[in-house]
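Have a look at the structure below, then the notes.
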Amino acid sequence: MIDPIRPTDDAAIALARALLDGARHAVLGTLDGEGFPHLSRIGLQTDEDGAPLALLSGLAAHSRALAADPRAGLLLSEPDAAAKGSPLTRPRLSLQVVARMLPPGDEARRVRWRERDPKSAVYLDLPDFRFWRLEPRSGLLNAGFGRAYRLTAAELMRR
């Protein structure tokens, strides 16, 4: 059987990082208390070093799941405004991540988030919302038909 994964090159790394940097939402996959997958659409941005960052309500099932088991998956694709053609032919990035709730009080992070998502001002200061850093372990980039690449955590982060 032929391996469909191509050797990772600079163009694949650049595309994966562009998808991460441009993301404003993603599908988050967590494991519930019985080990079954739970999927949620979440707001997403990147932290200063390029790590995915989510602002999640503590009331949400995915927050409780991450608190119990920090292993998760993320699925990102091109922003809808840039999308052309079938979604199955567009670039998409699937990540394995480990989630870590960040301590409150980082004003610079809050300002950056609000600048990129002005509508978040409605819930950003609610007491149940916290930032979660979703630290990549690995990634799989599907850059289009016949163009799949595995990425390491180091390749996904800004240097």
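The values are calculated or read from the model by the stated rules, or taken from the named source; none is laboratory data. Please read these numbers as outputs of a predicted model, since none were measured by experiment. Methodologically, a virtual Cβ is constructed for each residue, glycine included, from the backbone with ideal geometry; neighbour enumeration extends over all protein chains shown.
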Of all residues in segment 100-139 being aliphatic (A, V, I, L, M) and without any contact (Cβ under 8 Å) to a residue 60 or more places away in the chain, the one that is farthest from A12 (Cα to Cα): V122
Segment 56-96, subset surrounded by fewer than 20 Cβ atoms within 10 Å (Cβ to Cβ), among the aliphatic types (A, V, I, L, M) and not in a loop (DSSP other than H, G, I, E, B), residue modelled with the lowest pLDDT: A81
Which listed residue is in contact with a helix residue (DSSP H, G or I) (Cβ under 6 Å, 6 or more places away or on another chain) and hydrophobic (A, V, I, L, M, F, W, C), from L95, L56, L74: L56
In segment 24-42, the residues that are surrounded by 12 or more Cβ atoms within 10 Å (Cβ to Cβ) and in contact (Cβ under 8 Å) with a residue 24 or more places away in the chain: R24, A26, V27, L28, G29, T30, L31, D32, H38
Of the criteria (1) in contact with a Lys or Arg (Cβ under 6 Å, 6 or more places away or on another chain); (2) within 28 Å of A121 (Cα to Cα), which one Q96 fails: (2)
Scope segment 1-23; condition among the β-branched types (V, I, T) and surrounded by 14 or more Cβ atoms within 10 Å (Cβ to Cβ); matching residues: T8, I13
Count - residues of segment 106-159 that are on the phi < 0 side of the Ramachandran plot and either assigned to a loop (DSSP other than H, G, I, E, B) or β-branched (V, I, T) (or both): 17
Selection from segment 132-159 of residues that are surrounded by fewer than 20 Cβ atoms within 10 Å (Cβ to Cβ) and of a type in the set (F, W, Y): F145
